1. Does at least one position in region 217-235 carry a residue that is surrounded by 24 or more Cβ atoms within 10 Å (Cβ to Cβ), outside any loop (DSSP other than H, G, I, E, B) and in contact with a Phe, Trp or Tyr (Cβ under 7 Å, 6 or more places away or on another chain)?
2. For region 265-283, which residues satisfy the criterion of being assigned to a helix (DSSP H, G or I), more than 17 Å from LEU309 (Cα to Cα) and aliphatic (A, V, I, L, M)?
3. Among the listed residues ARG20, ARG51, identify the single one that is modelled with pLDDT of 95 or more, surrounded by 15 or more Cβ atoms within 10 Å (Cβ to Cβ) and basic (Lys, Arg).
4. Output the number of residues of region 377-434 satisfying the condition of being β-branched (Val, Ile, Thr) and within 17 Å of the chain's Cα centre (by Cα).
5. Would you mind finding the one in ALA205, ALA110, ALA145 that is free of Cβ contacts under 8 Å to residues at least 60 places away in the same chain and either buried (at least 19 other Cβ atoms within 10 Å of the Cβ) or not assigned by TED's automatic domain parsing to the domain that holds ASP248 (or both)?
6. Assigned to a helix (DSSP H, G or I) and either of a type in the set (D, E, K, R) or at pLDDT below 95 (or both): which single residue out of GLU148, GLU168, GLU184, GLU137 fits that description?
7. Within region 5-48, how many residues turn out to be acidic (Asp, Glu) and part of a helix (DSSP H, G or I)?
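The values are calculated or read from the model by the stated rules, or taken from the named source; none is laboratory data. Nothing here was measured: the structure is a model prediction, and the numbers come from that model. FYI the Cβ positions are ideal-geometry reconstructions off the backbone, even for glycines, and counts take in every protein chain you see.
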Amino acid sequence: MAVTPVVLCLSKTGEATAARVADILQAPVHGRKDRVTRADAFFDNALEHTRTLFASGTPIVGICAAGILIRAVAPLLADKRAEPPVVSVPDDGSTVIPLLGGHRGANQLAKQIAEGLQAHSAVTTSGDVAMGVALDEPPSGYRLANPEDAKGVMVALLGGAGVLVQGENIFNTDSDPTGGVKLEVSEAPVKTGSETLAYHPQKYALGLGCSRNCDPAEMWDLVEDILQETKIAPHAIAAVASLDLKADEPAMIETAQRLGVPFRVFSAAELEAEVPRLANPSNVVFAEVGCHGVSEGAALAMAGSTADLVIPKQKTANATCAVARTQEPITEIRGRSRGKLSIIGIGPGQHSWRTPEASALVAEAEELVGYGLYIDLLGALAHGKERSDFPLGGEEDRCRYALEQAGKGKNVALICSGDAGIYAMGALVFELLDRGPDQMGVSDAARRVEVVSTPGVSALQGAAARAGAPLGHDFCAISLSDLLTPREDIIKRVRAAAEGDFVIAFYNPVSMRRRTLLAEARDILLQHRPGNTPVMLASSLGRPEEHVRYRALKDLQVDEVDMLTVVLVGSSHSKLAQLGEGPRMYTPRGYARKIDGDLAI
């Protein structure tokens with residue numbers, strides 16, 4: 001499990017058991033507010049919080065009835081190969097029941113908890129019941145080459161087929177020479193099938209080097225040829241390693257992805273420490289990057305001090321590869337990651353408007369960076385994370401800090417409200433990455449990090465959903481803040497949108513000192529559309545203090561708008577209809593004309 005489990009406690013009677021389980025797992029306790037007094041973080045609604053954790057990929061141990069957890073996650077169940085572990089423990093700690101994710105760590109989690117509590121583990125998956133092990137969950141340091149065949153093998157075992165073990169007996173099971181099912185452990189490739197599972201001890205570290213922007217196909221062909229020639233199974237590779245200057249090389253990143261293993265990097269000084277063990281030290285390489293060998297040094301640094309260089313540097317025109325081998329499987333992945341910055345829009349703040357992908361990226365992050373209020377809106381999901389709060393303003397410092405932290409190899413989440421790419425930090429991150437060294441950009445290390453953006457529900461979308469369908473036809477968004485955009489440019493855009501008869505979403509409509517632009521925009525729009533054009537004012541969308549109201553364009557007053565309000569102005573075709581649920585604002589797309597035309601034909 002890549003993410004630390006969370007222990008959920010729903011009642012006072014379960015607090016003692018929750019504390020014991022948390023101590024066993026070294027995990028935080030999330031407690032139901034007003035019902036639990038001792039917890040690391042608190043939540044208001046058990047079902048909603050459980051769904052948020054599950055959607056983020058966080059393993060859950062609920063100190064509660066199993067039915068509560070089942071009802072919570074049932075709407076989210078889709079792929080058993082991807083779901084996180086969910087375990088139920090009653091308040092008295094008498095039984096531990098893995099409900100979901102049995103072969104993704106839940107069974108092991110349940111057994112660990114049961115041993116610590118001296119309780120019974122109610123494991124029900126067929127492999128564990130028949131053999132006491134999960135065949136698709138080998139011990140740490142071993143990898144199953146054909147997990148897709150595990151189900152068929154288990155069916156055969158349950159039907160009475162014996163087990164023939166070839167190679168190391170990693171499951172400590174009895175071996176039957178006449179067994180119809182084969183479990184083979186080998187460093188070399190194995191022919192697999194519906195009756196054979198192949199396990200590979202990950203004793204090899206792959207060191208790579210390359211010229212800048214080497215073709216990934218060239219690198220992969222080199223690696224594939226070496227593995228085939230030396231009869232090393234790809235699944236026996238534990239990690240791909242290189243020099244930190246190569247952290248953003250597509251060829252290396254893609255090779256690690258194709259092998260399904262971590263990509264780690266080392267500093268030049270760390271690789272230089274491996275010089276006595278290098279087979280091909282190079283002064284040319286040293287002059288270029290500060291160490292005498294990249295691929296050989298990286299393979300040895302990853303594999304550790306007792307490893308042997310079993311394949312010295314092999315090369316093509318633009319790529320190099322070396323392989324180191326250890327005596328025991330590699331379970332400690334050395335080096336540091338490339339570093340990752342996730343630009344996350346959390347929507348208006350409420351968890352139900354936050355995407356599962358956003359929650360998953362928050363759960364994976366080591367450090368949260370952002371305006372303090374936005375991080376607070378994450379609630380218990382932010383607990384236990386290092387956080388760096390920044391005030392309003394200073395956005396460039398915020399983004400630069402996040403990038404530089406990621407440049408140290410950390411997994412960093414930059415937290416924004418709404419959608420991070422709409423009037424938020426996304427554009428600034430990429431601008432900093434694009435600036436040259438003399439333009440106050442960021443360090444070379446920061447430029448090499450992985451940057452991902454995840455969509456969020458924008459204020460524009462939230463307001464439109466509350467209104468009905470005001471964006472049913474062409475629309476645009478205009479910020480009325482003149483802090484970063486010249487006032488004359490804002491007026492020019494308002495005039496163009498007015499003449500084009502767009503529905504308009506005004507962001508940043510007013511501030512403490514800026515009170516005239518909204519009135520000026522209203523007056524410009526009144527020159528191009530009727531005074532009764534519907535206007536929606538939406539404040540604090542998705543939060544308890546949400547306030548939505550409608551006005552005619554001619555009656556729009558600046559004093560009823562604040563910084564937290566989105567102003568949606570309809571086009572000349574927009575309607576405000578009084579329907580059963582109340583007023584609904586919509587903009588017709590023109591289907592009526594299409595239907596009339598079809599009928600006329």
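1. Scanning region 217-235, I find no residue that is surrounded by 24 or more Cβ atoms within 10 Å (Cβ to Cβ), outside any loop (DSSP other than H, G, I, E, B) and in contact with a Phe, Trp or Tyr (Cβ under 7 Å, 6 or more places away or on another chain), so the answer is no.
2. Narrowing region 265-283 to residues assigned to a helix (DSSP H, G or I): 268-272, 275-277, 283.
Filter once more, so that each one left must be more than 17 Å from LEU309 (Cα to Cα): 268-269, 283.
Passing the criteria: ALA268, ALA269.
3. Values: ARG51 fails: modelled with pLDDT of 95 or more.
Every option except ARG20 fails the conditions.
4. Going through region 377-434 one residue at a time, the tally reaches 2.
5. On the way: ALA205 fails: free of Cβ contacts under 8 Å to residues at least 60 places away in the same chain; ALA145 fails: free of Cβ contacts under 8 Å to residues at least 60 places away in the same chain.
Only one candidate passes the filter, namely ALA110.
6. Values: GLU168 fails: assigned to a helix (DSSP H, G or I); GLU184 fails: assigned to a helix (DSSP H, G or I); GLU137 fails: assigned to a helix (DSSP H, G or I).
Of the residues listed, the single one that is assigned to a helix (DSSP H, G or I) and either of a type in the set (D, E, K, R) or at pLDDT below 95 (or both) is GLU148.
7. First, the residues of region 5-48 that are acidic (Asp, Glu): 15, 23, 34, 40, 44, 48.
Then keep just the ones that are part of a helix (DSSP H, G or I); that gives 15, 23, 48.
Count: 3.
Each row is one residue, and each column tells you yes or no for (1) crowded, with 24+ Cβ neighbours inside 10 Å; (2) hydroxyl-bearing (Ser, Thr, Tyr).
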{"position": "MET302", "(1), (2)": "yes, no"}
{"position": "THR306", "(1), (2)": "no, yes"}
{"position": "CYS321", "(1), (2)": "yes, no"}
{"position": "ARG334", "(1), (2)": "no, no"}
